[in-house]
Amino acid sequence: MSSLDAVPEEVHKFSAEVGTSDPVTVVGGRTQWNVGGAPDGSAREVVAPSGIWSHEPEEMTVRCGAGTPLGELSEQLAQHGQMVPFDMPSNATVGGVLSVGRSGIRRLRYGHIRDLVLQIRHIDCNGEIVTSGGPTVKNVSGYDLCRLMVGSLGKLGCLAEITLRCLPMPETTRWLTGVTDPFEVYARLYRPSSILWNGKQVWVCLEGVSSDVEAEAALLDLTEVEGPPPIPSDGRSSVEPKALKNLSADDANWIAEIGVGIIHSDKPSGAQQISKTNESLMREIERRLDPRGRLNPGRQVVSL
Amino acid sequence: MQVQALAKKVMSKSQVRCSLGSSKDNHSRSGLDDAKGFATPPSYDTFVIVQISPHVNLLDDLRSVLGDRARDGDFELGLYGKDGSVLQGQASIVCLPVDTEEVRQIVEICRHHDRPFLARGSGTGLAGGAVPVGDPVIIATAKMNQIIEVDLDNRIAWVEPGVLNLDLTKELTPRGFHFAPDPSSQQVCSIGGNVANNSGGPHCLAYGVTSAHVAAIEVVLPDGSVTVLGDLSAEPPGYDLRGLFVGSEGTMGVATKVAVRLTPNPPAVRTLLLDFPDVRDGAATVSAIIAAGLIPAALEMMDKRAIEIVEAFVNAGYPTEADAVLLVELDGLPGGVEHGVEVVRSVAERHQVGNIRVAADNEERELLWKGRKNAFGAVARIKPDYYLHDTVVPRGKLVEVLDKVYKIADAYDLIAVNVFHAGDGNLHPILAYDSDEKGVLERVHAAGRAIITASIEAGGVLSGEHGIGLEKRDYMGMLFSAHDMATQDMVREAFDPQGFANPLKVLPSGSRCSDSFGQHVPDGAWV
């Protein structure tokens with residue numbers, strides 16, 4: 001069996017739904033709907049197929065419709081002690097999370113969510129199905145369109161089917177908090193799952209076998225808590241990890257991901273600059289993959 | 001079916017263009033059955049330029065920038081006409097720039113003379129990605145070998161593309177870090193080459209391949225502009241051009257600086273060697289370890305023949321009476337590592353394991369790894385040449401595909417040796433042969449095709465980590481439709497509409513039918 005044989009009926013149906021001519025916008029769980037701006041009101045809403053089409057626990061891969069809610073995915077994987085560490089609301093969809101391309105708060109340990117993607121089928125601007133990547137846990141399959149699609153806000157194609165690499169669930173997960181220097185915490189621990197800091201207080205997530213979590217926790221003078229603090233969601237900015245050292249505790253409500261470089265805040269943040277050369281490469285890609293601009297019109301990946 | 005030897009294949013420029021139209025039909029997936037009864041993909045053509053373009057003015061222009069580092073002597077041309085694959089191309093000019101500005105000027109001069117270019121590192125690639133076809137100017141990055149900055153606060157290092165993989169890790173180790181991708185060629189392969197091929201290695205099972213370890217890349221684009229793809233921030237704005245560039249095999253521009261991510265050295269490491277009386281039990285153990293929720297740092301397998309030749313070569317104490325061995329490495333915090341050792345032990349005991357040897361110290365660990373990392377060189381003990389394949393199959397299909405590999409090798413009268421990354425189903429069958437034997441290359445290539453076909457039929461893919469290059473370019477149609485490949489090519493075109501950068505690689509020429517590539521191959525390049 002090769003990739004070509006295996007296109008599910010649901011993907012063909014979605015391809016017909018996307019069609020060939022009018023502007024369309026793909027709707028997931030609307031949990032990050034405003035990222036990149038609202039789509040044009042004229043765009044017809046389409047919904048990607050939902051459902052887990054295969055989960056092979058021994059291969060640690062799962063293939064599902066892009067419209068599958070994370071809750072459904074997590075439930076299926078948890079039955080086999082596995083997970084996909086997206087850390088997003090359970091009504092968010094797999095395709096939605098990947099289209100937006102923002103990793104969850106355990107990125108420090110698990111890496112960017114794009115590195116979990118093995119294969120993507122998308123519907124292009126002409127309503128045709130395009131497969132990229134491969135179904136195995138490791139593959140080189142020509143140009144890496146999967147990585148390009150992650151974070152593309154549906155501007156280059158409508159995600160239809162996703163194959164992901166799963167990870168084993170850690171035996172123990174523990175959150176700790178206290179007032180200490182987050183950068184010292186980072187230097188002392190071996191691959192913590194998350195270190196959050198609001199300028200005064202630090203939260204640390206440790207995962208692994210119990211004895212390791214105990215031993216690592218013992219290195220820190222922190223108190224155990226239920227979980228992470230509420231994460232402000234209006235603003236999100238991205239800096240070099242070491243630039244977080246320049247943040248100061250002020251009146252603003254923010255939480256930074258130490259070692260990663262994300263700052264969550266309750267104030268909308270400005271867009272990062274893209275160089276002229278990169279912008280023109282990005283525009284070329286958009287122009288080639290969607291010359292008529294019918295996919296998610298109004299949204300912007302390349303800010304003006 | 002007719003087998004095309006990898007000899008000089010004469011092909012006219014117009015034939016190259018004509019093949020654009022027909023190759024789409026060729027890539028329909030109805031594999032032909034060859035005389036041996038194995039399904040095979042369409043025959044594979046290799047091009048060698050037998051007449052090169054006049055280049056006197058071009059060489060003068062390059063020398064005005066590079067002096068005697070623009071060369072056309074026999075020594076360089078011989079060296080740069082090929083790479084780690086068995087494919088032979090031809091180089092006519094080799095440039096050895098020392099910095100980004102020189103690379104930029106080389107690319108500008110190439111454009112001025114309407115000549116393609118090909119950047120290469122150490123040339124250890126096995127898929128022919130660095131074999132010059134279409135008479136490109138070679139840009140060798142060997143003299144761009146400085147580690148520019150180690151930035152521990154950001155846990156990255158900026159390096160030039162010619163820095164060798166192991167040299168980087170040696171520099172980082174005393175500071176508590178390393179560069180995670182560790183191809184078997186890590187002593188000689190370059191970071192630029194790792195980026196071009198999205199290279200893997202044994203420890204990529206747990207740590208991921210090169211793309212996950214590259215934050216940003218300074219690139220000279222095919223139009224001569226210089227830019228940085230990605231950046232050190234957590235979420236660089238816009239589309240992920242960095243992710244697209246990694247693994248593009250030099251067809252989107254030349255990497256001139258790379259910001260690699262640093263991985264902390266694990267506090268604890270355990271290395272185990274398990275032997276099995278039957279290769280099937282070894283393979284079943286691999287699946288069962290992963291299914292038990294354990295992802296070792298590395299999980300490597302060697303078959304009987306590999307054990308024999310490696311043991312004779314390095315005397316690591318590998319059990320030569322075993323049918324297969326697994327080399328398992330666990331790393332991380334001590335508790336997790338000891339837990340992992342117990343899981344491996346109990347799973348293996350359910351699968352008829354013979355002995356379980358746990359390396360007592362670092363010296364023993366290095367000895368066990370020495371066997372694995374020298375396996376390819378050790379093949380020389382049985383035959384002077386070898387062809388190393390690279391496919392991936394679902395872990396559950398390892399036994400089935402291994403069986404087919406042995407049968408295919410028998411049918412073509414070749415010796416197959418298997419040393420591979422079992423943990424991620426990444427097979428590396430080695431076909432050992434003697435190139436002096438008449439007609440042997442035809443058999444090697446036919447067997448290779450049959451192995452690729454068997455892997456894909458088992459739900460696998462063309463390549464795990466070696467890339468597509470020239471070797472597997474014409475097999476892309478076994479996994480992708482013409483439309484899939486055309487879409488990939490549209491994205492490549494955004495970087496290089498005229499096909500200046502490493503021409504004729506990755507995608508079969510059919511996918512480039514609509515573009516203007518052919519117009520930029522100078523007259524006389526194809527004879």
TODO: From B:200, B:250, B:238, grab the single residue that is part of a loop (DSSP other than H, G, I, E, B) and more than 7 Å from every other protein chain (Cβ to nearest Cβ).
DONE: B:250
Open item on the list: Just to be sure before I move on: is residue B:105 surrounded by fewer than 23 Cβ atoms within 10 Å (Cβ to Cβ) and under 30 Å from residue B:448 (Cβ atoms) in the structure I sent?
Closed with: no
TODO: Kindly indicate the residue of segment A:165-205 that is within 11 Å of chain B (Cβ to nearest Cβ) and aliphatic (A, V, I, L, M) and also surrounded by the most Cβ atoms within 10 Å (Cβ to Cβ) among those meeting that condition.
DONE: A:189
Task: Number of the condition not met by residue A:67 [criteria: (1) crowded, with 17+ Cβ neighbours inside 10 Å; (2) within 14 Å of chain B (Cβ to nearest Cβ); (3) in a loop (DSSP other than H, G, I, E, B)] - done: (2)
- [ ] Kindly establish whether residue B:451 is away from chain A (no Cβ under 14 Å) and in contact with a Pro (Cβ under 8 Å, 6 or more places away or on another chain).
- [x] yes
Open item on the list: Residues to consider are B:420, B:376; find the one that is assigned to a strand (DSSP E or B) and out of contact with any helix residue (DSSP H, G or I) (no Cβ under 7 Å at 6 or more places or on another chain).
Closed with: B:420
Open item on the list: Among the residues that make up segment B:150-160, is at least one of them within 22 Å of residue A:144 (Cβ to Cβ) and crowded, with 20+ Cβ neighbours inside 10 Å?
Closed with: yes
Open item on the list: Residues that are farther than 16 Å from residue B:250 by Cα: list the strands (runs of 3 or more DSSP E) wholly contained in segment B:90-182 that include at least 2 such residues.
Closed with: B:147-151, B:156-159
- [ ] Give B:192, B:200, B:230 a once-over and let me know the one that is modelled with pLDDT of 95 or more and in contact with a helix residue (DSSP H, G or I) (Cβ under 8 Å, 6 or more places away or on another chain).
- [x] B:230
Open item on the list: Looking only at residues that are loosely packed, with under 15 Cβ neighbours inside 10 Å and in contact (Cβ under 8 Å) with a residue 40 or more places away in the chain in segment A:238-248, which one is nearest to the other protein chains (Cβ to nearest Cβ)?
Closed with: A:245
Task: Residues satisfying the stated conditions in segment A:100-134, i.e. hydroxyl-bearing (Ser, Thr, Tyr), over 17 Å from residue B:491 (Cβ atoms) and not in a loop (DSSP other than H, G, I, E, B) - done: A:110
Task: Test: residue in segment B:342-355 that is modelled with pLDDT under 95, in contact with a strand residue (DSSP E or B) (Cβ under 6 Å, 6 or more places away or on another chain) and either at positive phi or not in a helix (DSSP H, G or I) (or both) - done: no
- [ ] From the list A:208, A:235, A:259, pick out the single residue that is in contact with an Asp or Glu (Cβ under 8 Å, 6 or more places away or on another chain), at the interface with chain B (Cβ under 8 Å from one of its Cβ atoms) and surrounded by 14 or more Cβ atoms within 10 Å (Cβ to Cβ).
- [x] A:208
Open item on the list: Being β-branched (Val, Ile, Thr), within 27 Å of residue B:175 (Cα to Cα) and buried (at least 24 other Cβ atoms within 10 Å of the Cβ) narrows it down to one residue among B:246, B:286, B:344; which is it?
Closed with: B:246
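The values are calculated or read from the model by the stated rules, or taken from the named source; none is laboratory data. The structure presented is a predicted model; accordingly, all values stated were derived computationally and were not measured. As a convention, Cβ positions derive from the backbone with ideal geometry for all residues, glycine included, and neighbour counts pool all protein chains shown.
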